[in-house]
Amino acid sequence: SAVISQKPSRDICQRGTSLTIQCQVDSQVTMMFWYRQQPGQSLTLIATANQGSEATYESGFVIDKFPISRPNLTFSTLTVSNMSPEDSSIYLCSAISSESYNEQFFGPGTRLTVL
Amino acid sequence: AQSVTQLDSQVPVFEEAPVELRCNYSSSVSVYLFWYVQYPNQGLQLLLKYLSGSTLVKGINGFEAEFNKSQTSFHLRKPSVHISDTAEYFCAVSERGNDYKLSFGAGTTVTVRA
């Protein structure tokens, strides 16, 4: 199984600012994803983080608001830009390892509060 | 596109009683099915998955689920719950050939009481 860590674990930010969340996996993985979990709700896929190329965004999510990078097979970042209180959520990174076919492992999440 | 419906938002249950969490999905193609658990203030942990083969799947912590293709269901069961099973449970589906993207149900909150 893959172990995923995220930084920061939580943050409180002012509206209009940006926050970059880091996701690190302890082994090489084939795919990485970013999800949002709004308060009291389920998880929604934001995008697939593609290594060395632009991320693939789901409907309702755009690169200007959620720029994503994946410079190598084990690391990705998600930036939440120009934040508003509606962006207050838990942001989770997930990955599929090359050894655990079709099983997604999740990071512990980053709890973001925007004031 | 796939979708997932968890029929119960809250399930209160007494310790050592059985529990069943219902999950139905819709998809036009074959799917993979998953149950995840989220303990308070933690990330998601995979309980079990159905990829192919036997329709009865056993997972961790004594949980099992049964895939029923005709009813498009994947209900989760445990014969005897513990206080430590208090958590949020998510059913998720991934369509074959859709790059492993997961669609999640709304979640079921299980509260186990002594």
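Brief remarks follow.
- If the condition is being of a type in the set (A, V, I, L, M, F, W, C) and under 16 Å from residue B:82 (Cβ atoms), then region B:98-114 contributes B:110, B:112, B:114.
- Of all residues in region B:74-114 being aliphatic (A, V, I, L, M) and at the interface with chain A (Cβ under 10 Å from one of its Cβ atoms), the one that is surrounded by the fewest Cβ atoms within 10 Å (Cβ to Cβ): B:106
- Positions within region B:22-59 being open to solvent by 60 Å² or more (accessible area, probe 1.4 Å) and either part of a strand (DSSP E or B) or hydrophobic (A, V, I, L, M, F, W, C) (or both), in sequence order: B:29, B:45, B:49, B:56, B:58
- Taking residues in region B:25-37 that are within 14 Å of another protein chain (Cβ to nearest Cβ), and partners anywhere that are open to solvent by 10 Å² or more (accessible area, probe 1.4 Å) and not in a strand (DSSP E or B), the pairs with Cβ atoms closer than 6 Å and at least 6 places apart or on different chains are B:25/B:72; B:30/B:96; B:32/B:51.
- Residue ID - farthest from the chain's Cα centre (by Cα), chosen from residues in region B:60-73 that are in a strand (DSSP E or B) and surrounded by fewer than 18 Cβ atoms within 10 Å (Cβ to Cβ): B:68
- Flag if residue B:110 is at pLDDT 95 or above and either in a strand (DSSP E or B) or on the phi > 0 side of the Ramachandran plot (or both): yes
Results for (1) farther than 21 Å from residue A:14 by Cα; (2) facing chain B (nearest Cβ under 8 Å), shown as yes or no for each residue.
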{"residue": "A:36", "(1), (2)": "no, no"}
{"residue": "A:48", "(1), (2)": "yes, yes"}
{"residue": "A:67", "(1), (2)": "no, no"}
{"residue": "A:78", "(1), (2)": "no, no"}
{"residue": "A:83", "(1), (2)": "no, no"}
{"residue": "A:95", "(1), (2)": "yes, no"}
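- Unique residue being over 14 Å from the mean Cα position of the chain (by Cα) and open to solvent by 20 Å² or more (accessible area, probe 1.4 Å) when the list is A:74, A:113: A:113
- For the residues A:53, A:9, A:94, the requirement of being modelled with pLDDT of 90 or more and farther than 20 Å from residue B:32 by Cβ singles out A:9.
- Residue in region B:5-13 that is open to solvent by less than 20 Å² (accessible area, probe 1.4 Å), more than 14 Å from every other protein chain (Cβ to nearest Cβ), more than 28 Å from residue A:91 (Cα to Cα) and assigned to a strand (DSSP E or B) present: yes
- Test for residue A:92: is it closer than 27 Å to residue B:40 by Cα and surrounded by 18 or more Cβ atoms within 10 Å (Cβ to Cβ): yes
- Top-ranked residue in region B:41-56 [being modelled with pLDDT under 95 and farther than 18 Å from residue B:104 by Cβ; ranked as nearest to the other protein chains (Cβ to nearest Cβ)]: B:41
- Taking strands (runs of 3 or more DSSP E) as the structural unit, those lying wholly within chain A and holding at least 2 residues that are hydroxyl-bearing (Ser, Thr, Tyr) and farther than 21 Å from residue B:104 by Cβ correspond to A:75-80.
The values are calculated or read from the model by the stated rules, or taken from the named source; none is laboratory data. Predicted model only: the values in this text are computed from it and were never measured. Neighbour counts run over all protein chains shown; Cβ positions are idealised from the backbone, glycine included. Note: areas computed on protein heavy atoms with side chains; ligands, DNA, RNA excluded. Shrake-Rupley method; radii C 1.70, N 1.55, O 1.52, S 1.80 Å.
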